[in-house]
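Note sheet for the following structure.
We did not get these values from a lab; they are worked out from the coordinates using the rules stated. Computed from a predicted structure; not experimentally measured. Neighbour counts are summed over all protein chains in view; Cβ atoms, including those assigned to glycine, are modelled from backbone coordinates with ideal geometry.
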Amino acid sequence: DSGVTQTPKHLITATGQRVTLRCSPRSGDLSVYWYQQSLDQGLQFLIQYYNGEERAKGNILERFSAQQFPDLHSELNLSSLELGDSALYFCASSVGVGYGYTFGSGTRLTVV
Amino acid sequence: GNSVTQMEGPVTLSEEAFLTINCTYTATGYPSLFWYVQYPGEGLQLLLKATKADDKGSNKGFEATYRKETTSFHLEKGSVQVSDSAVYFCALSSSSGGGADGLTFGKGTHLIIQP
């Protein structure tokens, strides 16, 4: 157990739908990062939050949004889902810049 | 922008063989460098890291040295085991200030160790 908890582990939904992925960071970590892993794109950085505030944005689509709550857990919202959104979505947390991340075990999203 | 290039796999070796997985990077400033490992069905785990030039990161028999002159961070292990079979990712973190430090990953190298 890495200390980063992601739910659900698996999600199957239809095109056009909206889903929410949840992440609880490791205790004491203030930064939360979201990544998308697919076979063709590899690991793509989506977004970073630090203590409730957005700090960095990567290749995140406008249909996707995220937030970090006062208890530091984070949610990634994916809407108007397309087949191409099928991927593994990882959350990671970190205590600070340059320390490396601790990853959760991921949510496998399948859009049918 | 930042980028990481690592050798494509799969890389297949026999047990006890010497391992090298090449990684080169492009980045502005002075990035921190990392190797992560992903076992089947799991998330990525930090294997080792180096935060400045000439630093050597090491863990579980794996080593990598931060070479600024060649912008490289090659992963090595002297004698691999079947349990080392996994996907290995090279990554860099280049802080853009304000606590923003999204990691940039290479595409990953699938390592297969045969008994």
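Structure notes:
- Sequence-distant contacts, meaning Cα pairs under 8 Å at least 6 residues apart, place the relative contact order of region B:4-73 at 24 percent.
- Those residues of region A:91-112 whose amide nitrogen sits under 11 Å from the label point placed on B:Thr51, 7 Å along Cα→Cβ: A:96-100
- Listed by chain and number, the lysines whose alpha-carbon sits under 24 Å from that of B:Lys49, ignoring those within fewer than 8 places in the same chain, are A:Lys57, B:Lys60, B:Lys68, B:Lys77, B:Lys107.
- Between B:Asn59 and A:Thr110, the distance separating the two model label sites (each 7 Å from Cα on the Cα→Cβ line) works out to 3.2 nm.
- Cα-centred dipole magnitude for region B:39-115, charges only on beta-carbon of K, R (+1) and D, E (-1), debye, nearest 20: 60
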